[in-house]
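Throughout, read-outs are computed from the coordinates displayed, never taken from laboratory work. Only a predicted model underlies this, so the values are computations on that prediction, with no experimental measurement involved. Using ideal geometry, Cβ is built from the backbone for each residue, glycine included, and neighbour counts are taken over all protein chains shown.
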């Protein structure tokens, strides 16, 4: 088992990955901004290093003695990156390049990076995207993800830093912040809980690949545990769901009727993204097994339990 540093380990995806890594016997260190209150992850014997990803000295300190680094942190989301594309460049891209340089100096053997499968392929005349398909990102958030992927290739070519990128579809589930502007499922569930109409961009025909976060964490943890043959994997459910179908499922799960408010579709929205997971499934045994209604129910129960 490896000494793993999870950058962003107290976040939505990161905390679940920490739990899955601990269950598989890895020694896990979490690097994140820890505020007062309990940690999101449940794993015991987790070492916690509080620090700022934008502070190079904090990052270098956290890297000492680590074999494997999982870069699961993002300083922006699609909305904030579009609001100020330069912030994504100044924070996400710059700090990620500094991280990779520090990994080389620290002798890290492997880096795993959480990229975006839901945005990086862009609008193309395709129904399902494979890792070999061209990427045509149209949003600052996705452009930033692609840039970091390119820097991973640069550091492998120039410094021999081994890395694997996960292009993750649209993750959802417990611990996701419903007040953020990323993640349509928690946003919709919060609106349902508050008796508000659901805001839908366009006519509801937009299709996405929704992946329950527990399945995602197990998929990532298996790759870390057994090793990867490839430098890039799509990680998704492989199933497409329209916004209209999603709303119908939410109504069934919550037992509440909801009103829908349609607004114009932003220019940077992609109409349809479903990920092919054939490459992943050919190499690993873990699958996305949580059906959408079951995953939404678990998310709803956590949200209503905690008010």
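How would the chain be classified by its alpha-carbon gyration tensor: rounded, prolate or oblate, with rounded meaning a/c under 1.5 and the a/b versus b/c comparison settling the rest?
On the way: a/c = 1.61, a/b = 1.40, b/c = 1.15.
The shape class here is prolate.
Using a 7 Å offset from the Cα along the Cα-to-Cβ direction at both residue 294 and residue 203, what is the distance between the two label points in nm, to one decimal?
3.4
On C-alpha positions alone, give me the angle between the axis of helix 94-106 and the longest principal axis of the chain, in degrees, nearest 10.
30
Compute the long axis of helix 292-305 from its Cα atoms, compare it with the longest principal axis of the Cα atoms of the chain, and write down the angle in degrees, 0 to 90, nearest 10.
Long axis of 292-305 versus the principal axis of the chain: about 90 degrees.
Using a cut-off of under 13 Å, list every residue of the stretch 64-107 whose amide N is near the label point 7 Å from the Cα of residue 147 along the Cα-to-beta-carbon line.
Backbone N within reach: 75-76, 81-82, 84-98.
Obtain the nm distance between the two label points defined at residue 50 and residue 283 by a simple spin-label model: each point lies 7 Å from its Cα along the Cα-to-C-beta direction.
Result for the modelled spin labels: 3.8 nm.
Rounded to the nearest 0.05, what FRET efficiency do residue 94 and residue 61 give with R0 = 22 Å and r taken as the Cβ-Cβ distance? Could you check? Can you show the working numbers first?
Numbers: r = 19 Å, r/R0 = 0.85.
Here the calculated transfer efficiency is 0.75.
Quick one: helix 140-159 against the long Cα principal axis of the chain, what's the angle to the nearest 10°, folded into 0 to 90?
Orientation of helix 140-159: about 20 degrees from the principal axis.
Where does each of 29, 254, 304, 158 land when they are ranked from fewest to most other beta-carbon atoms within 10 angstrom?
On the way: 29 22, 254 17, 304 12, 158 9.
With the sparsest Cβ surroundings first, the list reads 158, 304, 254, 29.
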